[in-house]
1. Beta carbons within 10 angstrom, averaged per residue: use that to sort the peptides 67-78, 192-203, 127-138, highest first.
2. Residue by residue through segment 207-214, what is 3J(HN,Hα) from phi via Karplus (6.51 cos²θ - 1.76 cosθ + 1.60, θ = phi - 60°)? Round to whole Hz and write x for glycine and proline.
3. Round to a whole angstrom and tell me the spacing of the C-alpha centers of segment 203-234 and segment 67-88.
4. Starting from the Cα-Cα distance between L239 and V227, subtract it from 0.36 nm times their residue separation and give me the gain in nm to one decimal.
5. Using a basic spin-label model with each label point 7 Å from the Cα along Cα→Cβ, how many nm lie between R115 and T65?
6. Considering the options T211, H128, A139, tell which one lies farthest towards the positive end of the dipole of segment 126-214, charges being +1 on Lys and Arg and -1 on Asp and Glu at the Cβ, about the Cα centre.
7. Taking the alpha carbon gyration tensor of segment 155-207, what are the square roots of 5 times its eigenvalues, largest first, to the nearest whole Å?
8. Normalized C-alpha radius of gyration of segment 182-225, against 2.2 N^0.38 Å?
Amino acid sequence: MLPPDPFQDRQSAATQQQMTNRHARPRTVRDLVKSLSRTYRNACPGLTVITVRDFAKPATVVPVTRTGGFLVKSVFYSAPSQLIGQRLRVHVYDDRIEAYLGTTLVVHHPRARGRDDGHRVHVVNYHHVIHALRRKPQALCNSVYRDNLFPRTEYSEAWKVLQRDLPRRDACRRMVDLLFIAHERACEAELAHLLAADLTVGILPDPDTLTLRLMPRHMTLPTDVPVDHPSLASFDALLGGTA
């Protein structure tokens, strides 16, 4: 008598599992989403399928405080100053949070998790606080979310150099000016490249100099091409000859 073929055993077990999955009714919404996603993914490999992580938990209504943000699960998220005093409906996803004023999406952030040691986590978008910092640039030095304010590592490195080589007052004002340039001119990436280049050669970042380097190059317009217009009498002669 031949021994049983393990391949056939595995194949029959897989077939039985498929039949069980096909006829089993999903017990929860999560099971239903997984079942539908698996079905459509197998049927249409190139189709983008909604997964369970795209479904948010029930929305949380939170107020925007005078500090320019709101708390969700012990995490502080910044918001534009125009929203202070408003109540936002916040949807929390696995990878992001979205805050709505009515039906309008007004704030979105990458989601952060709270810490076990009791220290509050801050998620801050510098676009939300730059105008307040322009009015009081010295507040940057003692800000509790200063380290989370800089959008790229080049800005953090620039702050370290400015803080080391300049008096506190000048360092704060210069750093705020750099952030304002990135905000006002929408050149965050370009300014980051210039900051990295200056820091590499040991040049202290200067907002005025960097502003000039970010300006578009002056392009001279081509000289006018002279065009000789025919006289009206030539049209009369042309029409007369045709007649």
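All of the numbers you see were taken from the coordinates with simple rules; none came from a lab. These numbers were taken from a predicted model, which means no experiment stands behind them. Cβ coordinates were reconstructed from backbone atoms using ideal geometry, including for glycine residues, and neighbour counts include every protein chain displayed.
1. Details: 67-78: 19.4, 192-203: 14.0, 127-138: 15.8.
Per-residue mean Cβ counts within 10 Å order the peptides as 67-78, 127-138, 192-203.
2. Computed from phi, the couplings for segment 207-214 are x, 5, 5, 5, 5, 5, 6, 7 Hz.
3. 46 Å
4. On the way: separation 12, 0.36 × 12 = 4.32 nm, distance 2.29 nm.
Using 0.36 nm per residue and subtracting the Cα-Cα distance, I get 2.0 nm.
5. A separation of 1.7 nm, rounded to one decimal place.
6. Farthest towards the positive pole: A139.
7. Working: eigenvalues 59, 39, 10 Å².
Over the Cα atoms of segment 155-207, the ellipsoid semi-axes are 17, 14, 7 Å.
8. Details: Rg = 14.3 Å, N = 44, 2.2 N^0.38 = 9.3 Å.
Its radius of gyration relative to the 2.2 N^0.38 Å reference: 1.54.
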